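K.L.:
Okay, here's the structure, questions in a sec.
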Ligand SMILES: Cc1cc2nc3c(=O)[nH]c(=O)nc-3n(C[C@H](O)[C@H](O)[C@H](O)COP(=O)(O)OP(=O)(O)OC[C@H]3O[C@@H](n4cnc5c(N)ncnc54)[C@H](O)[C@@H]3O)c2cc1C
């Protein structure tokens, strides 16, 4: 099968019958529910974009196995042109969702591509496992599957066998596969994708075979698997009222395994924390993913800048130095992110898997920068928006007998009250609503604990040249003195 269309995706998703708990009930048909429908339609639109004739040349490529046109976000980049194509694909999709879908399909497609091309690493434990992962990557690519993932375990700190009983763990190993029981937190879009990739690693090096360490992928409707959704952050209905959450509410869920059988051909590794650590390290998955995330975040920042400028113009604030300075701060941020993205591509080099690997250094800088930048941009939006973020009547109010009055009362020098409200409802959703607050939380944490990421940057960043230069500088001073 080639890159799929939106209709093919919707057909697949409605056929799937995952156990999805929402608000105390099981959801029989997510597509029929106003909570999930907007997201499913947006995913479908993304799939349609990749097969539009004018986009297909960069959003798809010829599969190395089937010769069909498959999604570029699955492509192993072998040249700098491939990296550029991958970036353009992410940004094309990103422009549709304005950077709000952290888990548009390209995120997981990139991840599975990086792991799949480095599958050889797994042959240490069992050569069959490397084939499983390689074949799974090809299966996802050829069928254009959407994946969610869950990596993090429950919050109980595991120090004894009894405490370990909450976390998802292997409770049986038999001829058919591994049986998994317990819980993992959390999966964005969990239960709303074809399959879920599960990678858990408790790093319990004191055990010979750690039952909490495994990697596998299974369909979202595998018997025994269920997803417990959080509260919805969309309120249903009108895109005027809720321009973002009505379409891009990704939903997060807790993933529960009730004696789930994972067939052997879907097991990628188990029991050995060293193996998973090695796979992460040697596949360079973080590098590929960070390149995708940064490409998306450039688009997200462009969107924020556009909103800020429209707010500034609508309220005729552009002459004020404090507003100019704040908008300027976002311009500098955008250019910094663009610079980091291009620099990572310019300095890319081929790795041992034959992949054109972007330079990690600018990507690491972006990974540290964006979790701080994004909340700051939302703060700037509040500063510029002020009370106008509160005078945003709903679409229903504009359709009521006082609607005409409101169009008049809320007008500015260059916009009528309706158009002004449309813009400010967008700004409100982004910087003030529960949907917007989740976006801030997402950008802070989805990549992992920022503190540990800062430690990693400190440990790994090569600054030996800088140190050597300063030493030379000091030595030269000593000689002169
Ligand atoms: C919106 C959203 C979507 C997500 N989607 C997914 C998903 O789809 N799949 C998935 O697997 N995960 C997902 N995550 C989880 C994400 O990977 C984690 O949030 C991240 O790894 C941080 O882990 P944690 O939330 O358990 O925080 P913790 O590790 O519990 O940290 C909480 C706080 O304590 C601090 N802290 C922790 N340890 C220390 C220490 N030793 N010293 C000092 N301070 C410390 C941290 O800095 C942080 O501020 C998502 C998270 C969010 C917010």
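The values are calculated or read from the model by the stated rules, or taken from the named source; none is laboratory data. Since we're looking at a predicted model, the values are computed, not measured. So basically every Cβ, Gly included, is an ideal-geometry build from the backbone, and we count neighbours across all protein chains shown.
K.L.:
Can you tell me which residues in the range 28-40 are in contact (Cβ under 8 Å) with a residue 40 or more places away in the chain and either surrounded by 15 or more Cβ atoms within 10 Å (Cβ to Cβ) or not in a helix (DSSP H, G or I) (or both)?
P.N.:
Once the filter is applied, which keeps residues that are in contact (Cβ under 8 Å) with a residue 40 or more places away in the chain and either surrounded by 15 or more Cβ atoms within 10 Å (Cβ to Cβ) or not in a helix (DSSP H, G or I) (or both), the range 28-40 yields 30, 35, 36, 38, 39, 40.
K.L.:
Given the conditions (1) touching a strand residue (DSSP E or B) at 6+ places or on another chain (Cβ under 9 Å); (2) crowded, with 18+ Cβ neighbours inside 10 Å; (3) at pLDDT 95 or above, which single one is not true for residue 201?
P.N.:
Of the numbered conditions (1) touching a strand residue (DSSP E or B) at 6+ places or on another chain (Cβ under 9 Å); (2) crowded, with 18+ Cβ neighbours inside 10 Å; (3) at pLDDT 95 or above, the odd one out for residue 201 is (3).
K.L.:
Quick check: anything in the range 140-151 within 16 Å of the ligand (Cβ to nearest atom) and modelled with pLDDT under 95?
P.N.:
Looking for residues that are within 16 Å of the ligand (Cβ to nearest atom) and modelled with pLDDT under 95, one finds at least one in the range 140-151, hence yes.
K.L.:
Of 358, 362, which residue is over 30 Å from residue 214 (Cα atoms) and surrounded by 22 or more Cβ atoms within 10 Å (Cβ to Cβ)?
P.N.:
One residue alone meets the criteria, 362.
K.L.:
When you look at residue 294, is it assigned by TED's automatic domain parsing to the domain that holds residue 459, modelled with pLDDT of 95 or more and either assigned to a helix (DSSP H, G or I) or in contact with a strand residue (DSSP E or B) (Cβ under 6 Å, 6 or more places away or on another chain) (or both), yes or no? It would help to see each step written out before you state the result.
P.N.:
On the way: assigned by TED's automatic domain parsing to the domain that holds residue 459: yes; modelled with pLDDT of 95 or more: yes; either assigned to a helix (DSSP H, G or I) or in contact with a strand residue (DSSP E or B) (Cβ under 6 Å, 6 or more places away or on another chain) (or both): yes.
The answer is yes for residue 294.
K.L.:
Can I ask one more? In this structure, is residue 104 touching a helix residue (DSSP H, G or I) at 6+ places or on another chain (Cβ under 6 Å), touching a residue at least 24 places away in the same chain (Cβ under 8 Å) and within 15 Å of the ligand (Cβ to nearest atom)? Spell out the reasoning first.
P.N.:
Details: touching a helix residue (DSSP H, G or I) at 6+ places or on another chain (Cβ under 6 Å): yes; touching a residue at least 24 places away in the same chain (Cβ under 8 Å): yes; within 15 Å of the ligand (Cβ to nearest atom): yes.
The answer is yes for residue 104.
K.L.:
Can you say whether residue 193 is in the same structural domain as residue 34 (by TED's automatic domain parsing), at pLDDT below 95 and surrounded by 24 or more Cβ atoms within 10 Å (Cβ to Cβ), as far as the supplied structure shows? If you could, list the steps in order and put the result at the bottom.
P.N.:
Working: in the same structural domain as residue 34 (by TED's automatic domain parsing): yes; at pLDDT below 95: no; surrounded by 24 or more Cβ atoms within 10 Å (Cβ to Cβ): yes.
Answer is no for this residue.
K.L.:
Another one. Among the residues of the range 62-87, how many are touching a strand residue (DSSP E or B) at 6+ places or on another chain (Cβ under 8 Å) and closer than 30 Å to residue 191 by Cβ?
P.N.:
Total meeting the criteria: 7.
K.L.:
If you don't mind, there's one more thing I want to ask. Mind counting the residues in the range 300-316 that are more than 17 Å from residue 243 (Cα to Cα) and either more than 24 Å from the chain's Cα centre (by Cα) or assigned by TED's automatic domain parsing to the domain that holds residue 244 (or both)?
P.N.:
6
K.L.:
Out of the residues in the range 413-449 meeting the condition of being surrounded by fewer than 15 Cβ atoms within 10 Å (Cβ to Cβ) and in contact with a helix residue (DSSP H, G or I) (Cβ under 7 Å, 6 or more places away or on another chain), tell me which one is farthest from residue 253 (Cα to Cα).
P.N.:
414
K.L.:
For residue 370, indicate whether it is in the same structural domain as residue 348 (by TED's automatic domain parsing), within 15 Å of the ligand (Cβ to nearest atom), outside any helix (DSSP H, G or I) and surrounded by 14 or more Cβ atoms within 10 Å (Cβ to Cβ).
P.N.:
no
K.L.:
Condition (residue is under 25 Å from residue 304 (Cβ atoms) and within 16 Å of the ligand (Cβ to nearest atom)) applied to the range 457-478: is it met by at least one residue?
P.N.:
Within the range 457-478, one or more residues are under 25 Å from residue 304 (Cβ atoms) and within 16 Å of the ligand (Cβ to nearest atom).
K.L.:
Could you please find all residues in the range 55-79 being exposed (fewer than 14 other Cβ atoms within 10 Å of the Cβ) and not in a loop (DSSP other than H, G, I, E, B)?
P.N.:
57, 62, listed by residue number.
K.L.:
In the range 390-449, how many are free of Cβ contacts under 8 Å to residues at least 12 places away in the same chain, within 16 Å of the ligand (Cβ to nearest atom) and not in a loop (DSSP other than H, G, I, E, B)?
P.N.:
Of the residues in that region, 2 qualify.
K.L.:
Test residue 231 against the stated conditions and say whether it is at pLDDT 90 or above, within 16 Å of the ligand (Cβ to nearest atom) and exposed (fewer than 15 other Cβ atoms within 10 Å of the Cβ).
P.N.:
yes
Every residue, every condition in (1) in a helix (DSSP H, G or I); (2) out of contact with any helix residue (DSSP H, G or I) (no Cβ under 7 Å at 6 or more places or on another chain); (3) closer than 23 Å to residue 60 by Cβ, yes or no:
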{"position": "108", "(1), (2), (3)": "yes, yes, yes"}
{"position": "113", "(1), (2), (3)": "yes, no, yes"}
{"position": "128", "(1), (2), (3)": "yes, yes, no"}
{"position": "142", "(1), (2), (3)": "yes, yes, yes"}
{"position": "149", "(1), (2), (3)": "no, no, no"}
